[in-house]
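Student: One structure follows; several queries about it will come next.
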Amino acid sequence: MKSKIGLILSREYTTRVRKKSFIIMTLLMPALMAAMFILPGYLMTRDDTKERTIAVYDGSTILLGQLESSVYTKYQFIPEEEYNKIKDNLKTSNFYALLVIQPNVLNTKTVQLISTSNISFDVKNEIQNKIKSVIEKEKMAEVIKHTGIPDLEAQIKSTKTSISVNTIKLGESGEAKKSSTEIGMILGYVFGLIIYMFIILYGQMVMQGVMEEKQSRIVEIIISSVKPFELMMGKIIGIAMVGLTQLVIWIILGFAIISGARGMMPAAQHAGTAQEIVAQAQIANQAPAQLDKMQDILSMLGSVNFPLIIGCFIFFFIGGYLLYSSMFAAVGSAVDAMEDAQQFMLPIMLPVILAIMVMASAIRNPEGAVAFWFSIIPFTSPVVMMARIPFGVPAWQLALSMLVLIITFIGMVWAAGKIYRTGILMYGKKTSWKELGKWLIYRS
Amino acid sequence: MDLFSAQEVTKTYSNFKALSEVSISVPEGTIFGLLGPNGAGKTTLIRIINQITAPDSGTIWFQGRKMKSDDIYRIGYLPEERGLYKKMKVGEQALYLGMLKGLSRRDAMRELKIWFEKFEIISWWDKKVMELSKGMQQKVQFICTVLHKPELMIFDEPFSGFDPINSEIMKEEILRMKKEGATIIFSTHNMESVEELCDHIALIDKSKKILDGPTMNIREKYKSNIFDVSYKGEFSKIEQDFGQKYSILSHDETGRTNSLKIQFLNGSSSGSLIKDLVKHVEIVSFNELIPSMNEVFIKVVKQNS
């Protein structure tokens, strides 16, 4: 008998991909993500383009003339006579705010900013920094005057140190590689999370698809043409392809949005490609520290074994999805309604949720016993192992984990097929665990 | 020749016996009624024919050889509990089901066009199934069942959900397909349509076959020597004389001619009944009453319990 999986698969795929909800979700998700990143930046740039003048009454005279205007914020010092007048008529005056510096500011370390509207965080920050630096300078001058050390300022500056820890990992051949915990953490987290989301979202989609066929009673018509196992696998694979399509579109849109966003955000210019930064740095001959850091990141990225990570990602992605979606399919076949599905859902969801919790600790301690065992147990390994891989996992552990996963998902697909075959034709009865066990041992 | 036969088929679900050594033979080009009370095992047998489940023991024959898995493409099955994908469009869905039965896209398209034009439902093609009424959905399902021109068609309660006009259309289609050589297994509780359509029947009760054969023979077999007589004369004369040999079931003296239903008891025959009758009255008509399938069904199933 010629297999009809291809036909079933393409129906499962096309009906879902053409759904409005799929198209909207696929396009909206990156837009939402983009909005989350772009909007604040965009709003900030808009905010900054408003010119404003702040009236400054300096009772201490320390700061007189010392507050330099920035691009959009101007400072205008006012004499004492005008102070009350402006304070009373702040709303009608052209001033954005009134900054009041008391004579004893050096002791109180407090200034007042009076305004009729809400002061933006940026403005407050700017004023704070400016006053702080003026007062620090003032105090420094005082100290220099007292101690008589003329280059005190430079000396103090030279004591300021920042330390960055470059983690070096010794490879098997003994060569030292610069590795990065941060990059490992980010990659591990992202890959683990994608697998987690995929299992939950698309596994449940499989379950709903099975239930739809059962509830609408079309299933008996279909399995008089194809084997139940073919129907189940066609559905599982078809839905996997829906998910992959969505993932690929998100990646493409994500790249498009990121590159588009870079043009829009002035602040993001610093995050340009390494070459750009190198070029900028050379031209301007400044920011050598930044250049250094960039090269560090580049060398760390170079140390990440991307072919291995991507290969493993694809393997665990498919393996984890097959394992869970076959369980979801079995549950969908066993129940008549969504309410009845709950009792079977919990035992399936528990290991997935456990996996995401263990992942968080595995990222912090990728070599620990917890991380090891949960990356071998097949029900959690797709998520937990993915979180460990960017840090480097011994080959035997990886092989063992993969082998256990393969054996488990083959066994699970087989078992699910048996339950499914019986379940899709069972109506009316509320299925118990005992019943499921019986279906497992039915002869075909 | 038998197109299909099942030989001593047994099927057990955990501790429940659904079929117990059931054998049926379906001659080619006939309509075969598969009858039985609810839960007798009909659906199990139908599912075995469709290879949805496999029997524990017994053999299934198709066209004189053991049934192969490929044979399901030559069977069309309309289950009793049937449905379609609610959110899928009618045409697309019919095409999909046709292709699942082994038709190429082009062949399925061509056949669908013929059927949709015949039933004047071309305008439904792009409608979602959930926009159709139940009867309309049944029509689409009927088309999907016969689209691939199967040699064996299995209809389980095909007329449920149809109005009388559409029932008639379906009946005509089934008879036309029979005439064109198709073999049909027909399962229903509607005994009138069994009398009307079925050449052969088999009755299954409590997982066993308890009766089978040509429909007419079975009705003959279950006749109980009841005659419907119209006569001119007085009923009282008959009544006086007939007490010992015959049992009078009913009589009616209100019509143009009088009539009575009479059953003869042991050791009598229709010939002696006529002789006895003409002594007293003038016979206008004399008919033997053949039991309806409904009566046969009830009688046989009651006896079996």
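Student: Once phi is turned into θ = phi - 60°, what whole-Hz ³J(HN,Hα) does the Karplus curve with 6.51, -1.76 and 1.60 give for every residue of segment B:153-163, x standing for Gly and Pro?
Tutor: With coefficients 6.51, -1.76 and 1.60, one gets 10, 10, 10, 9, 6, x, 9, 5, x, 9, 6 Hz.
Student: Over the Cα atoms, compute the radius of gyration (one decimal) and Dmax (the largest Cα-Cα distance, rounded to a whole number) for the protein assembly as shown, in Å.
Tutor: Considering the protein assembly as shown through its Cα atoms, Rg and Dmax are 42.9, 159 Å.
Student: Within segment B:157-260, list the trypsin sites (Lys or Arg not before Pro) lying in a DSSP loop whose Cβ has at most 10 other Cβ atoms in a 10 Å radius.
Tutor: B:R256
Student: Continuing with the same structure: Over the alpha-carbon set of segment A:51-156, divide Rg by the Kirkwood Rh and report the Rg/Rh ratio to two decimals.
Tutor: 1.03
Student: Moving on to the next point. Tell me the relative contact order for chain B as a rounded percent, counting alpha carbon contacts under 8 Å between residues six or more apart.
Tutor: The normalised contact order for chain B reaches 21 percent.
Student: I'd like the carbon and sulfur percentage of the solvent accessible area for the protein assembly as shown, probe radius 1.4 Å, heavy atoms only, ligands and nucleic acids excluded.
Tutor: 58
Student: Just want to confirm a number: the relative contact order over segment A:330-444, from Cα pairs under 8 angstrom separated by 6+ residues, in percent.
Tutor: Relative contact order of segment A:330-444: 31 percent.
Student: Under a crude label model (7 Å from the Cα following the beta-carbon direction), how far is A:V165 from B:K113 in nanometres?
Tutor: Label at A:V165, label at B:K113, 7.5 nm between them.
Student: If you don't mind, another one. Between B:E131 and B:S57, how many nm apart are label points set 7 Å from Cα along the C-beta direction?
Tutor: Calculated label separation equals 5.5 nm.
Student: If you don't mind, there's one more thing I want to ask. For the residue pair A:L244 and A:Y42, what label-to-label distance in nm results when each label sits 7 Å from Cα along the Cα-to-beta-carbon direction?
Tutor: Roughly 3.4 nm, to one decimal.
Student: I've got another one for you. Within segment B:176-243, report the GluC sites (Glu not before Pro) that DSSP leaves as loop and that have at most 13 other Cβ atoms within 10 Å.
Tutor: Those that pass, being in a loop and sparsely packed, are B:E180, B:E234.
Student: Which whole number gives the average count of other chain Cβ atoms within 10 Å of the Cβ atoms across peptide B:79-85?
Tutor: Neighbouring Cβ atoms belonging to other protein chains average 6 per residue here.
Student: Please give me, ordered by residue number, the GluC sites (Glu not before Pro) of segment A:33-116 that lie in loop per DSSP and have at most 11 other Cβ atoms within 10 Å.
Tutor: Within segment A:33-116, the qualifying GluC sites (Glu not before Pro) (loop, at most 11 other Cβ atoms within 10 Å) are A:E51, A:E68.
Student: Please list, in order along segment A:348-355, the HN-Hα scalar couplings obtained from phi with the Karplus expression 6.51 cos²θ - 1.76 cosθ + 1.60 (θ = phi - 60°), rounded to whole Hz, x for Gly and Pro.
Tutor: 7, 6, 3, x, 5, 5, 4, 4
The values are calculated or read from the model by the stated rules, or taken from the named source; none is laboratory data. As the structure is a computational prediction, the values presented were derived from the model and not from experiment. Heads up, the Cβs are rebuilt from the backbone with ideal geometry, glycines too, and the neighbour counts pull from every protein chain shown. Note: accessible area is taken over every heavy atom of the protein model, side chains too, but ligands, DNA and RNA are not part of it. Shrake-Rupley method; radii C 1.70, N 1.55, O 1.52, S 1.80 Å.
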